[in-house]
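The structure appears below as structure tokens.
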Amino acid sequence: KPGQSVALLVNSPWRNAGYYTQPDVVLVAADLCLKAGAKEVICLHSANQEYWDRGKLASRYKQVIDGLKFGTEKILTDIPAGVSLKKAEITRELKEADVFISIPVAKHHAGCIFSGNLKGMMGASSSVTNRSMHSPTGEYTYDEEEFLAQCIADLSLVRKPDLCIMDATVCS
């Protein structure tokens, strides 16, 4: 609705094609939100100009890029219904935005086979939280697949997206 804030969760920090959400997909989604009257569009994970330049539309959507805001701080939030993950540090704007749109990339993941909307939620949580999700002891490993999968499911309880857009333009 006009006047609402929109939070976008995109997979942006990687360099290899197929590992990150195509910037053009994000720019078109952000532009559509603004044209619908969004008061602001916030990317929950920061993205630098190099990320936007990987797409073909960066110059055309320069005004959109310049107007984007980015998640600022992590807050600790309880997950009362979580089975393995009871607390998580998440980007504050995930809880505060009026609308939450998840735009993950479809890709393989060593620890949970497929990375999509659920796994993509790790982009809204801190690296400390993400590392703790890999094993009950806090060891960073992919040997505890069931624990990781449960933590990913628990993290999704923080907030469900209002809209999910899966980028499957390049799959890895």
### Message
Out of everything in the stretch 61-78 that is in a loop (DSSP other than H, G, I, E, B) and without any contact (Cβ under 8 Å) to a residue 24 or more places away in the chain, what residue ends up being nearest to A7 (Cα to Cα)?
### Response
T72
### Enumerated strands (runs of 3 or more DSSP E) restricted to the stretch 85-134, each holding at least 3 residues that are modelled with pLDDT under 80
107-109, 113-115
### Query
G82 versus (1) crowded, with 18+ Cβ neighbours inside 10 Å; (2) modelled with pLDDT under 95; (3) assigned to a loop (DSSP other than H, G, I, E, B); (4) not aromatic (F, W, Y): which is the lone unmet condition?
(2)
### Task
State whether the residues of the stretch 47-65 include one that is in contact with a Ser or Thr (Cβ under 8 Å, 6 or more places away or on another chain), of a type in the set (G, A, S) and at pLDDT below 90.
yes
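Do we have A58 as farther than 13 Å from G123 by Cα, part of a loop (DSSP other than H, G, I, E, B) and open to solvent by 30 Å² or more (accessible area, probe 1.4 Å) here?
Against the criterion (farther than 13 Å from G123 by Cα, part of a loop (DSSP other than H, G, I, E, B) and open to solvent by 30 Å² or more (accessible area, probe 1.4 Å)), A58 does not qualify.
The values are calculated or read from the model by the stated rules, or taken from the named source; none is laboratory data. Predicted model, so just to flag it, every value in this text is computed and none were measured. As a convention, Cβ positions derive from the backbone with ideal geometry for all residues, glycine included, and neighbour counts pool all protein chains shown. Each accessible area value is taken on the protein alone, full model and side chains, heavy atoms only, with ligands, DNA and RNA left out. Shrake-Rupley method; radii C 1.70, N 1.55, O 1.52, S 1.80 Å.
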